[in-house]
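Enquirer: Sharing a structure here in structure tokens format.
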Amino acid sequence: MRVTSPQWLEELSQDDTVNILCDLASGHASNGGMYGGKILDLIRDKDIAALCKFELPLAHPDWKISELIECRQALAFFSKLEEIDVGVDREGEAFAKFLASESECKFTNEVFGSLMSGGLNLLPADCLVLYKARSLISRILGPVPLWDDVKFRFGPGATTNVKRSDACPSNKMAASVTCSYDLLCSGLLPKALRQVPHWTSQHSRWYICPDGWLCEEVDVAVEAGRLQFVPKSALAKRSVIVEPVLNSFFQLGFGDYMTRRLLRAGIDIRDQTVNQRLAREGSLTGGLATLDLSSASDTVSKELVRFLLPTDWYQLLSAFRTGVIRYGCHELVLEKFSSMGNGFTFPLETLIFFSLVRATCGEGVVSVYGDDIICPAVDVDRVIRTLRLCGFTVNTAKSFWAGPFRESCGKDYYKGISVRPFYQKHLVSGYSLFLLHNHYARNLDFVGAERVKQFIHPSLVQYGPDGYGDGHLIGDYTEHPRTKKVRAKGYDGHVFSTFTKTPVKRPPMYPGDWISPLYHVYVGGAGSSEGAPIETCNGAPLWPLPGSRGYRRSLIYTLGR
């Protein structure tokens with residue numbers, strides 16, 4: 001039997017990973033009834049591709065819940081395993097899907113372009129829904145904000161001139177200033193640069209113009225977005241567009257403002273529990289449907305956004321989108337309005353889908369989180385028609401309005417009982433086995449937890465309470481001894497050991513990094529969305545980078561047990 005390395009984050013080889021997962025999956029499949037037997041045969045043959053493609057009839061009303069849970073868990077060990085080659089050209093298929101989405105957007109653009117120019121008439125019922133949705137969007141967004149009322153910020157991802165591993169505010173401000181063709185042509189670039197004078201000062205030159213004015217000149221590189229594909233499952237990848245740094249900075253600011261406007265309308269896209277609760281209700285009563293869209297953000301077309309949004313909002317967001325992208329030797333002019341990677345895509349698509357579904361369903365229960373839609377089951381046909389009219393396709397494999405199964409926002413329910421499995425996404429390591437053990441422990445499957453423990457190196461085993469992360473195994477733990485001196489100071493609580501990842505922090509390599517502390521104060525200090533508080537290294541600012549450089553064992557003191 002292969003156990004993990006004594007290093008908590010060290011991953012096993014592909015062969016060892018498959019062997020361990022097949023061992024664990026076999027135990028589940030053997031208890032999975034008729035479908036479990038079919039899955040078990042594939043596991044014995046180590047036919048990983050077939051396991052990834054295997055589909056269960058989730059909406060079937062006669063499942064034994066225990067068998068459904070066992071079958072789903074057996075498949076979930078493989079279905080999202082990114083590093084395993086199952087003989088599929090994931091990037092090639094993802095690019096073909098991206099191009100297909102562009103074709104759909106082009107058709108939708110032609111439809112709504114004709115509608116707005118008077119060259120196309122729709123049925124009165126369809127027109128009523130679209131104009132209701134447009135009115136609702138206008139009320140939710142309100143007037144375009146003053147820029148001084150918006151707090152712009154950097155995100156954690158890459159930009160066209162800063163790779164993901166170096167993505168932190170100081171590195172982004174130290175790199176050259178880049179923007180899209182759309183921002184350059186919008187006429188808003190000078191206004192955008194004036195919003196960030198300290199940032200642009202290290203990339204500018206001062207001179208006296210012929211009229212005697214002291215002028216500042218900033219070098220701005222105009223760049224296309226960069227199309228990339230990131231893992232989605234063992235069989236597929238999803239598209240992401242890496243944005244120019246100036247676009248990304250302002251996109252997130254306007255996206256945050258839209259998020260606050262949505263919240264005022266009762267739509268909180270920072271909270272998935274609303275959809276999760278309604279999905280459970282739908283699995284119990286059958287009255288609510290959960291809908292999922294195929295390539296949702298990739299099929300939000302330009303002309304649809306132009307039709308639905310107020311003109312001033314459309315012009316503002318258009319200025320900061322990236323409409324030209326590169327992929328290899330290809331340069332494409334996008335038919336879609338924005339894609340994943342754009343800082344306002346998520347609130348924008350939530351706003352559009354909510355408004356379309358609300359306009360269709362009237363006063364029924366409607367909740368939207370991104371492209372996860374919940375609506376009354378009786379209105380599903382009308383909702384699908386409205387979405388189809390706007391160029392969107394409902395993913396019938398992940399949408400449920402009949403039977404006792406519902407899924408939304410990472411929660412799956414069958415007759416009100418959670419049947420969400422643990423998805424193995426990377427090669428097996430001590431860390432991934434800790435996650436799996438704790439998944440079993442939280443679901444009171446102590447037999448499964450013990451089976452996982454046999455693959456964990458003995459030197460890594462340590463226990464602690466739930467609620468403090470997954471750096472330890474959930475269970476009864478032995479307290480670390482406390483001396484009389486410590487107890488005399490009032491420390492009479494409990495102490496347990498856990499692993500924590502050590503963040504990557506790199507001292508700045510560029511002059512002029514004095515801007516970082518100003519930015520840190522601007523975004524709100526230690527309580528900002530940037531994460532950990534800023535630190536200093538010999539007086540220079542120090543920002544955390546993506547990933548980790550290892551781990552350490554820590555002791556946590558808690559009053560309760």
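Computed from the coordinates by the stated procedures, all read-outs in this text should not be read as laboratory data. All of these numbers come straight from a predicted model, not from anything done at the bench. Don't worry about glycine lacking a Cβ; one is built from the backbone with ideal geometry, like all the others, and counts go over all protein chains shown.
Enquirer: Take S459 and K232, extend 7 Å from each Cα along the Cα→Cβ direction, and tell me the distance between the two endpoints in nm.
Expert: For the pair S459/K232, the computed spacing is 4.2 nm.
Enquirer: Going from the alpha-carbon gyration tensor of the range 224-364, what semi-axes, largest first and in whole Å, does one get by taking the root of 5 times each eigenvalue? Each step should come with its number before you reach the end.
Expert: Details: eigenvalues 161, 77, 39 Å².
In descending order, the three semi-axes are 28, 20, 14 Å.
Enquirer: Right, next: Using just the C-alpha positions of the range 178-268 as equal point scatterers, what log10 of I(q)/I(0) does the Debye formula give at each q in 0.14, 0.16, 0.21 1/Å?
Expert: -0.73, -0.86, -1.08
Enquirer: For the pair A96 and K191, how long in nm is the line joining their label points, each one 7 Å along Cα→Cβ?
Expert: Distance between the two pseudo-spin positions: 4.5 nm.
Enquirer: How large is Rg/Rh for the chain, to two decimals, with Cα atoms and a Kirkwood Rh?
Expert: Details: Rg = 26.3 Å, Rh = 26.5 Å.
Result: Rg/Rh = 0.99.
Enquirer: Taking the alpha-carbon centroid of each part, what is the distance from the range 419-473 to the range 203-259 in angstrom?
Expert: Answer, in whole Å: 41.
Enquirer: Working out 0.36 nm times the residue gap between E55 and T285, then minus their Cα-Cα distance, what length gain in nm do you get to one decimal? Show your work: numbers first, answer last.
Expert: Values: separation 230, 0.36 × 230 = 82.80 nm, distance 2.45 nm.
Difference between extended and current length: 80.4 nm.
Enquirer: Here is a follow-up. Averaging the inverse of every distinct alpha carbon separation and then flipping it gives the Kirkwood radius. What is it for the range 150-201, in angstrom units?
Expert: Working: mean 1/r = 0.0826 Å⁻¹.
One decimal place: 12.1 Å for the Kirkwood radius.
Enquirer: Highest mean first, what order results for 459-466, 410-417 on Cβ atoms within 10 Å? Walk me through the numbers before you get to the answer.
Expert: On the way: 459-466: 16.1, 410-417: 18.4.
So the order, starting with the most tightly packed, is 410-417, 459-466.
Enquirer: How large is Rg over Rh for the range 285-390, taking Rg from the Cα atoms and Rh as the Kirkwood inverse mean of 1/r across Cα pairs?
Expert: On the way: Rg = 15.2 Å, Rh = 14.8 Å.
So for the range 285-390, dividing Rg by the Kirkwood Rh gives 1.02.
Enquirer: On a full-extension model of 0.36 nm per residue, what is the gain between R2 and R270, subtracting their alpha-carbon distance, rounded to one decimal in nm? List each step's numbers first, then the result.
Expert: Numbers: separation 268, 0.36 × 268 = 96.48 nm, distance 4.10 nm.
So the chain would gain 92.4 nm between R2 and R270.
Enquirer: Just to confirm a number: summing +1 for Lys and Arg and -1 for Asp and Glu over residues other than L332 whose beta-carbon lies under 12 angstrom from that of L332, what do you get? Let's see the in-between values first.
Expert: Values: positive: K106, R226, R326, K336; negative: E102, E331, E335.
Overall, the nearby charge balance is +1.
Enquirer: Ordered by packing density, taken as the mean number of other Cβ atoms within 10 Å over each peptide's residues, highest first, how do 348-356, 42-50, 442-450 rank? Before the final figure, lay out each step's value.
Expert: Numbers: 348-356: 24.7, 42-50: 17.1, 442-450: 13.4.
Top to bottom by mean Cβ count within 10 Å: 348-356, 42-50, 442-450.
Enquirer: Given a Förster distance of 41 Å, report the FRET efficiency between R277 and V88 from their Cβ-Cβ distance, rounded to the nearest 0.05.
Expert: Working: r = 36 Å, r/R0 = 0.88.
Computed FRET efficiency for R277 and V88 comes out at 0.70.
Enquirer: Over all pairs of distinct alpha carbons, what does the Kirkwood formula give as the hydrodynamic radius of the range 397-439, in Å? Intermediate results must be reported in sequence, preceding the final value.
Expert: On the way: mean 1/r = 0.0819 Å⁻¹.
Here the Kirkwood hydrodynamic radius works out to 12.2 Å.
Enquirer: In bins 5 Å wide, starting from 0, what share of all Cα pairs of the range 164-417 does each bin hold, as a percent?
Expert: Histogram of Cα-Cα distances, whole percents per bin: 1, 6, 12, 15, 16, 14, 12, 9, 7, 4, 3, 1, 1, 1, 0, 0.
Enquirer: Below 13 angstrom from the Cβ of D268, what's the summed charge of the other residues (Lys, Arg +1; Asp, Glu -1)? Write out the running numbers ahead of the final one.
Expert: Numbers: positive: R260, R261, R264, R270, R277; negative: D271.
For residues surrounding D268, the net value is +4.
Enquirer: I would also like to ask the following. Return the whole-Å distance between the Cα centroid of the range 263-289 and the Cα centroid of the range 1-19.
Expert: Result: 39 Å between the Cα centres.
Enquirer: Between Y468 and L518, how high is the FRET efficiency from 1/(1 + (r/R0)^6) when r is the Cβ-Cβ distance and R₀ = 35 Å? Nearest 0.05. Write out the running numbers ahead of the final one.
Expert: Values: r = 35 Å, r/R0 = 1.00.
Efficiency, from the Cβ-Cβ distance: 0.50.
Enquirer: Which of the GluC sites (Glu not before Pro) found in the range 42-109 are in a DSSP loop and have at most 11 neighbouring Cβ atoms, other than their own, within 10 Å? Mind showing how you got there, number by number?
Expert: Values: sites: E55, E67, E70, E82, E83, E91, E93, E102, E104; in loops: E55, E82, E83.
Passing both the DSSP loop test and the Cβ count: E55.
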